[in-house]
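The next block holds one structure in the form of structure tokens; read it before the comments.
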Amino acid sequence: MTKADIISAVQQKMGFSRRLTSEVVDDLFEIIKKTLLNGESVKISGFGNLEVREKNARRGRNPRTGEEITISARKVLRFKPSQVLRKAINNRS
Amino acid sequence: MNKSQLIEEVAMREGLNLKMAEIVVNTFFDSIAEGLARNERAEIRGLGSFKVKDYEGYVGRNPKTGVAIEVESKKLPFFKVGKELKERVDS
């Protein structure tokens, strides 16, 4: 499943031209990205939430050398799947 | 931002009515979800990829009562953020 497949699915539903569909889908990505880059979560009911989390600095270890290092504070993106999606994937809906 | 806000923004930016934008947004997430339900990975360049990870069953414990329970094997959707977005989120 790639962006092209998603565009095809949307195109089939909407009956838009390929070009318009691709533009709309790209814009949808842009909006999601822009929101996340602003530090705001994107919550899609029935699918899941994408959120930016602040991680504190912590002590870590280079797994290869065993050397101790400090992992700096950072922001990471996390996806929390909805119960609906979890059930669908396990075919227990 | 929730789904209705996303729909509104797509509608506004693309000059679609709300109903159309809603179908676009729903179809988008549904097609990823349906792919995942078929164990297919979904790669969205510039954002990241979704895939299904298999977890084996294990014997767990109810943390409150200490009673051992069998946790069944399960599949969970997993999102791996794309490199570019990962770096930009942190900067």
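The values are calculated or read from the model by the stated rules, or taken from the named source; none is laboratory data. Quantities reported herein were computed from a predicted structural model and do not represent experimental measurements. Backbone-built Cβ (ideal geometry, glycine too); neighbour counts: all protein chains shown. What goes into the accessible areas is simple: the full protein's heavy atoms, side chains included, and nothing from ligands, DNA or RNA. Shrake-Rupley method; radii C 1.70, N 1.55, O 1.52, S 1.80 Å.
Here are the numbers for the structure shown:
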quantity	calculated
Most to least accessible of A:79, B:28 (protein chains only, probe 1.4 Å)	A:79, B:28
Complex-versus-alone comparison for segment A:63-93, residues with a loss of 30 Å² or more in accessible area, probe 1.4 Å	A:75, A:77, A:79, A:85, A:86, A:89, A:90, A:92
With Cα atoms, 0 to 90° folded angle of helix A:3-14 axis to chain A main axis	40 degrees
Calculated over segment B:1-40: convex hull of Cα atoms, volume per residue (Å³)	64 Å³
For chain B, convex hull volume per residue from C-alpha positions, Å³	173 Å³
Inter-site label distance for residue A:74 and residue B:86 at 7 Å from Cα along Cβ, in nm	0.7 nm
Residue-by-residue Karplus 3J(HN,Hα) for segment B:3-8, coefficients 6.51, -1.76, 1.60, Hz, glycine and proline x	4, 5, 5, 5, 4, 4
Vicinal HN-Hα couplings computed from phi for segment B:76-91 (Karplus, 6.51 cos²θ - 1.76 cosθ + 1.60; Hz; Gly/Pro x)	10, x, 9, 10, 10, 6, x, 4, 4, 5, 4, 5, 5, 5, 8, 9
19 Å Cα cut-off, lysine pairs counted over segment B:49-91 (separation 8 or more, or different chains)	8
Mean ellipticity per residue at 222 nm, deg cm²/dmol - from DSSP H runs of n ≥ 4 across chain A, formula -39500 (n - 2.57)	-13500 deg cm²/dmol
Apportionment of accessible area to carbon and sulfur, chain A, percent (1.4 Å)	44 percent
Fraction in percent of alpha-carbon pairs per bin - 10 Å, the protein assembly as shown	9, 30, 32, 19, 8, 2
Signed unit charges on C-beta, dipole axis of segment A:41-93, positive-most listed residue A:66, A:50, A:83	A:83
Dipole axis of chain B (+1 Lys, Arg; -1 Asp, Glu on Cβ), positive-most option in B:25, B:77, B:46	B:77
Buried accessible area, chains A and B (both chains, 1.4 Å probe, Å² to nearest 100)	4200 Å²
Percent accessible area from carbon and sulfur atoms, chain B, protein chains only, probe 1.4 Å	49 percent
Amide H contacts of residue B:48 (H built 1.01 Å from N, under 5 Å, at least 5 apart or other chain)	B:82
Translational diffusion coefficient (Stokes-Einstein; Kirkwood radius from C-alpha pairs) of segment B:49-91 at 4 °C, 1.567 mPa s, in µm²/s	99 µm²/s
